[in-house]
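The values are calculated or read from the model by the stated rules, or taken from the named source; none is laboratory data. It should be emphasised that the depicted structure is a prediction, and the values quoted were computed from it without experimental measurement. Glycine gets a Cβ as well: all are built from the backbone with ideal geometry, and neighbour counts include every protein chain shown. Surface areas here come from the heavy atoms of the whole protein model, side chains and all, with no ligands, DNA or RNA. Shrake-Rupley method; radii C 1.70, N 1.55, O 1.52, S 1.80 Å.
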2 protein chains.
Amino acid sequence: MGHGRSQKNSWSRRLSVQAPVDLAAIDTGGTPGVLDKDAAAEIFDASSRTLSKLQEQLFADSLYGGRNSVLIVLQGMDTSGKGGVVKRVAGAVDPQGIRYHAFKKPTEEELAHHYLWRVERELPKPGQIGIFDRSHYEDLLVPRVHETITSEQLTERYAEIDAFEKGLVDGGTTVIKAFLHLGEAEQKNRLLRRLERSDKHWKFNPGDVDDRTLWPLFQDAYEVVLSTTSTAHAPWHVVPADHKWYSALAVQQLLVEALQGLELSWPEPDYDVDEQRRRLLAT
Amino acid sequence: MGHGRSQKNSWSRRLSVQAPVDLAAIDTGGTPGVLDKDAAAEIFDASSRTLSKLQEQLFADSLYGGRNSVLIVLQGMDTSGKGGVVKRVAGAVDPQGIRYHAFKKPTEEELAHHYLWRVERELPKPGQIGIFDRSHYEDLLVPRVHETITSEQLTERYAEIDAFEKGLVDGGTTVIKAFLHLGEAEQKNRLLRRLERSDKHWKFNPGDVDDRTLWPLFQDAYEVVLSTTSTAHAPWHVVPADHKWYSALAVQQLLVEALQGLELSWPEPDYDVDEQRRRLLAT
């Protein structure tokens, strides 16, 4: 790939958002930064090899005391393709270097703790790429849509989450936040497809239709949350998600840029190579 | 692929071992069941697609109350290629369905507990494919080689591990145990290669040479352990590992066979498909 300095973080710059976020003004069918599916496939494949090497360097670095990690936070409406993005992007990387977690409706045990408790338990360790399929942002979005939280409580959570993410970044974690921005019509298509194919029935949940009736409320909630929590240390990216090949490419590129930004190199060995070669040859 | 009934579990039958195991009699450069690298690549690619579907069925089944899971236990000497096998086999599967753990030298906290404590914490949940890169078998092999355990204690561990694995199988976990059988000369080549390439230096550990001098003791220990713990419910497979393409294929085939043996199908939906379609179309 060989990104020059001038192109550095170009995907992040292209897709990151600042307050006030107007989701309706961002085309869910857009493909900013790439011409078409074929061009995307070419970049994706080449970047998969780059990514594999960068992940190995991140891991190697941690064995030699490096504290860096990466955390990808994926949010989006049902069927926005979070799982598919994980499969495609992480599929090119050594599974040993990935720490993936899907956050579901909180369990009884999780509800008995602070909402960040379950999040902290799943953070990537140094050398790892963490992937959150949904996240602590559910604790802002869902209560807001269902009006089970006061605005004071929401304000407190905004501050907590900002402090939490700042702590992560200060500790060496690069945080990549991506909202998969799906069109309402495309969601309908995707849900219908799940009902049409018997091998997809298990992916359909009647609750998805309930949530769909709340679509405008969720879009409003996302606009406020993205506007409020897109910070300099952990900006939000809005990734058009009507084309699955595009959202996978975009998240992959955000990850590659983040890893390149760490400017990692292969660690210098902490042993004498010649001496070890002699020892080994003597066996 | 389309395995017929008559071929069912043919890889497991081909590679499984019973007491007494004679490792010297099993060619580490052998490729039983496949002619050459090209033929292996063809089977591997076709099986990757099969595996992807089977994993999705296993996962779907668990959402509908199924209790099945699979656990792959990988053992082998340094550089035997455990990590590479994981990367290749698991790389074809949705990362969400994989639960991978590499067991390192036990930590202080782990040593303060029963040796199975850390193992139990990493077991696959229903619907998951667990992969252990090293395992509780280290707790038989290492103390035996370093003579830090009495034969009574070893006997007790054998019984405990047998009961432990029997419990797993009874609970719905298919246990696949694979010993990557590497040649002593090939290990030397692989270790030398790590010393030759600066991007591989981090993978080399001077302790690997120390362990190498204990090679015959480890082979003896493996023979006893494999002989003693290869049971009907959780047999050991000896996988020739001088060819990385072969060991990846063999472990993949063992996994495919295990999943096919579960005879999974797509779950019947627990909702009325037509009703949901009407609801959805009305949105």
Original post:
Residues of region B:200-232 with accessible area at least 30 Å² lower in the all-protein-chain context than alone (1.4 Å probe)?
Top reply: B:HIS201, B:TRP202, B:PHE204, B:PRO206, B:VAL209, B:ARG212
Original post:
Name the residues of region A:76-90 whose accessible area falls by at least 30 Å² when all protein chains are present instead of the chain alone, probe 1.4 Å?
Top reply: A:LYS87
**OP:** Please report the buried accessible area for the interface of B with A, total over both chains, probe 1.4 Å, in Å² to the nearest 100.
**Re:** 4200 Å²
Subject >> Farthest positive-ward along the protein assembly as shown dipole, Cα basis, beta-carbon charges - from A:ALA163, A:HIS114, A:GLY261 >> reply: A:GLY261
Subject >> FRET efficiency estimate (nearest 0.05) - Cβ-Cβ, A:LYS53 to B:ASP22, R0 56 angstrom >> reply: 0.85
**OP:** Using a 1.4 Å probe over the heavy atoms of the protein chains, calculate the carbon and sulfur portion of the accessible area of chain B as a whole percent.
**Re:** 48 percent
**OP:** Can you check what the net charge comes to around B:ARG212, using other residues whose Cβ is under 10 Å from the Cβ of B:ARG212 (Lys, Arg +1; Asp, Glu -1)?
**Re:** -3
Original post:
Can you give the angle from 0 to 90° between the axis of helix A:184-196 and the longest principal axis of chain A, with both taken from C-alpha atoms, to the nearest 10?
Top reply: 80 degrees
**OP:** Kindly identify chain A as rounded, prolate or oblate by the Cα gyration tensor criterion: order the square roots of the eigenvalues as a ≥ b ≥ c, call it rounded if a/c is under 1.5, otherwise compare a/b with b/c, prolate if a/b is larger, else oblate.
**Re:** prolate
Original post:
When Lys and Arg each count +1 and Asp and Glu each count -1, what net charge do the other residues less than 9 Å away from A:ASP242, Cβ to Cβ, add up to?
Top reply: -1
**OP:** Sort out the exposed loop GluC sites (Glu not before Pro) in chain B (DSSP loop, at most 14 other Cβ within 10 Å) and tell me the longest stretch that has none.
**Re:** B:1-146
Original post:
To the nearest 10 degrees, how steeply does helix A:244-261 sit against the main Cα axis of chain A, on a 0 to 90 scale?
Top reply: 40 degrees
**OP:** Can you sort B:LEU71, B:LEU264 by 1.4 Å-probe accessible area, starting with the largest?
**Re:** B:LEU264, B:LEU71
Original post:
Say a site is exposed when it is one of the trypsin sites (Lys or Arg not before Pro), sits in a DSSP loop, and has at most 14 other Cβ atoms within 10 Å; what is then the longest site-free stretch of chain B?
Top reply: B:198-283
Subject >> Average accessible surface area per residue within the protein assembly as shown, 1.4 Å rolling probe, Å² >> reply: 45 Å²
**OP:** Using only protein heavy atoms and a 1.4 Å probe, report how much of B:SER227 is accessible, in Å² to the nearest 10.
**Re:** 30 Å²
Subject >> Helical contribution to [θ] at 222 nm, DSSP H n ≥ 4, -39,500 (n - 2.57), averaged over chain B, rounded to 500 >> reply: -15500 deg cm²/dmol
Subject >> Largest-first ordering by accessible area, 1.4 Å probe, given options A:HIS146, B:HIS101 >> reply: A:HIS146, B:HIS101
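Restricting to lysines 8 or more places apart or on different chains, can you count the pairs in region B:134-277 with Cα atoms under 22 Å from each other? Write out the running numbers ahead of the final one.
Working: B:LYS166/B:LYS177; B:LYS177/B:LYS244; B:LYS188/B:LYS200; B:LYS188/B:LYS203; B:LYS188/B:LYS244; B:LYS200/B:LYS244; B:LYS203/B:LYS244.
Here the count comes out as 7.
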Original post:
Mind checking the angle between helix A:215-229 and chain A's longest principal axis? C-alpha axes, 0 to 90 degrees, to the nearest 10.
Top reply: 40 degrees
Original post:
How about region B:157-191: which of its residues lose at least 20 Å² of accessible area in the presence of all protein chains relative to their chain isolated, using a 1.4 Å probe?
Top reply: B:LYS188
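With +1 on each Lys and Arg Cβ and -1 on each Asp and Glu Cβ, how big is the dipole of region B:6-49 about its Cα centre, in debye rounded to the nearest 20? It would help to have the intermediate numbers written out before the result.
Details: 5 positive and 6 negative charges, 57 e Å.
Once rounded to the nearest 20, the dipole reads 280 debye.
For chain B, what is the charge dipole size about the Cα centre, in debye to the nearest 20, if Lys and Arg each add +1 at the Cβ and Asp and Glu each add -1 at the Cβ?
Roughly 800 debye, rounded to the nearest 20.
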Original post:
What does the accessible area of A:THR228 come to, in Å² to the nearest 10, when a probe of 1.4 Å is used?
Top reply: 70 Å²
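Please give me the summed charge of the neighbours of A:LEU154: other residues whose Cβ is under 12 Å from its Cβ, Lys and Arg +1, Asp and Glu -1.
It works out to a net charge of -3.
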